[in-house]
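What follows is one structure encoded as structure tokens, with my remarks underneath.
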Amino acid sequence: MTALTLAGTVTYEVAEGVARVRLARPDKLNALTLEMLDELVATARALRRDRSVRAVVLSGEGEAFCAGLDLRAALRRPGGIAARFVPRPWTGTNVFQEACWAWRRLPVPVVAVVHGHCLGAGLQLALGADLRVTTPDAHWSVREVRWGLVPDMGGTRTLTEVVGLDVAKDLTLTARSVDGTEAVRLGLATRVAVDAAAVADELVSQVGRHDPRAVARAKRLLDAAVTAPAYLTLARERRTQLALLARLDRTGLPGR
């Protein structure tokens, strides 16, 4: 078993080929800080280099998977936002986007276990996984428009992939919340179960029985089947979000 703790807010351990990555800020419902975005990117990169990893389970400690970005904390550090907003030419993503998109780059399946809140950036992080298992009473919401923003962590791409354009518009423009059962019906989540963690474990166990090369190539082929070039969608995201962030009052946020 190997384990790593990064600033105490993103942890992982690898045992029997399964990497268990946890958001560990339960007192804030695992709302993402700028440092947590860095840690998610670093964790995904470390796992990509670890040849012993056959699958990844991504979850949140405490009462929620992830309540979104801690926007109030982030807006107190405009320099930190700016630094993480610049896209890296070797990935085509900035840190916000890579925190979610990096899980797609892994050659192994990633399963997100969702309970409690799965809002905004948290939902986009879950969509970065290949499969999502949710509890029936989880709360899913594309929340960004409530704050005068747009989904900008790869969400405009991943959301339309999993639910289709019309449902993506419905969820994004209304910012309505759906429970886990409806999330599965809409395509946001893959399976619903009271014990979502146990179902996720069964999924990775099934995958682990197969040739890892075949699994990796199947994942790559399926991801490549999406027609629109990802870099164009991600570039449009950045431009739109940058314009919206520029007008935010750092002392107060629009909406609730």
Q) Inside the stretch 110-184, counting only strands (runs of 3 or more DSSP E) that do not spill past its ends, which hold 3 or more residues that are closer than 22 Å to Leu34 by Cβ and in contact (Cβ under 8 Å) with a residue 12 or more places away in the chain? A) 117-119
Q: List the number of the failed condition for Leu29; all other conditions in (1) more than 22 Å from His115 (Cα to Cα); (2) among the aliphatic types (A, V, I, L, M); (3) open to solvent by 40 Å² or more (accessible area, probe 1.4 Å) hold.
A: (1)
Q.
If the requirement is being of a type in the set (Gly, Ala, Ser) and farther than 22 Å from Leu159 by Cβ, which of these qualifies: Ala235, Ala198, Ala183, Ala230?
A. Ala198
Q. Pick from the stretch 199-218 the residues that are out of contact with any strand residue (DSSP E or B) (no Cβ under 9 Å at 6 or more places or on another chain) and open to solvent by less than 50 Å² (accessible area, probe 1.4 Å): which of them is farthest from Gly17 (Cα to Cα)?
A. Ala218
Q.
Suppose the filter is modelled with pLDDT under 90 and either closer than 30 Å to Leu71 by Cα or of a type in the set (A, V, I, L, M, F, W, C) (or both); does Leu221 pass it?
A. yes
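For every residue, the table says whether it meets (1) part of a loop (DSSP other than H, G, I, E, B); (2) in contact with a strand residue (DSSP E or B) (Cβ under 8 Å, 6 or more places away or on another chain); (3) crowded, with 22+ Cβ neighbours inside 10 Å.
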residue: Tyr12; (1), (2), (3): no, yes, yes
residue: Ala19; (1), (2), (3): no, yes, yes
residue: Arg45; (1), (2), (3): no, no, no
residue: Leu58; (1), (2), (3): no, yes, yes
residue: Gly62; (1), (2), (3): yes, no, no
residue: Arg72; (1), (2), (3): no, no, no
residue: Ala82; (1), (2), (3): no, no, no
residue: Thr91; (1), (2), (3): yes, no, no
(Q) With the structure loaded, tell me whether Ala73 is among the hydrophobic types (A, V, I, L, M, F, W, C) and modelled with pLDDT of 95 or more or whether it fails that test. (A) no
Q | Hey, Val41 in contact (Cβ under 8 Å) with a residue 24 or more places away in the chain, over 17 Å from Phe96 (Cβ atoms) and buried (at least 19 other Cβ atoms within 10 Å of the Cβ) or not | A | no
**Q.** Test for Leu188: is it part of a loop (DSSP other than H, G, I, E, B) and in contact with a helix residue (DSSP H, G or I) (Cβ under 9 Å, 6 or more places away or on another chain)
**A.** yes
(Q) I want to confirm something. Restricting to the stretch 181-198 and keeping residues that are surrounded by 14 or more Cβ atoms within 10 Å (Cβ to Cβ) and β-branched (Val, Ile, Thr), which single residue is nearest to His139 (Cα to Cα)? (A) Thr181
Q: All but one of (1) modelled with pLDDT of 95 or more; (2) out of contact with any Lys or Arg (no Cβ under 7 Å at 6 or more places or on another chain) hold for Thr156, so report the exception by its number.
A: (1)
Q | Qualifying residues in the stretch 47-56 (those that are closer than 14 Å to Ala102 by Cα and open to solvent by 80 Å² or more (accessible area, probe 1.4 Å)) - the one farthest from the chain's Cα centre (by Cα) | A | Arg49
Q | Leu203 vs. criteria more than 23 Å from Gly164 (Cβ to Cβ), among the aliphatic types (A, V, I, L, M), in a helix (DSSP H, G or I) and in contact (Cβ under 8 Å) with a residue 40 or more places away in the chain | A | yes
Q: State the number of residues belonging to the stretch 98-109 that are touching a Lys or Arg at 6+ places or on another chain (Cβ under 8 Å) and either part of a helix (DSSP H, G or I) or under 14 Å from Leu40 (Cβ atoms) (or both).
A: 4
(Q) Let me confirm something: among Val142, Val167, Val163, Val150, which residue is on the phi < 0 side of the Ramachandran plot and buried (at least 23 other Cβ atoms within 10 Å of the Cβ)? (A) Val142
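The values are calculated or read from the model by the stated rules, or taken from the named source; none is laboratory data. Here the structure is a predicted model, which is why all the values come from computation and not from measurement. Every residue, glycine among them, receives a Cβ derived from its backbone with ideal geometry; neighbour counts consider all protein chains shown. SASA here: full protein model, heavy atoms, side chains in, ligands and nucleic acids out. Shrake-Rupley method; radii C 1.70, N 1.55, O 1.52, S 1.80 Å.
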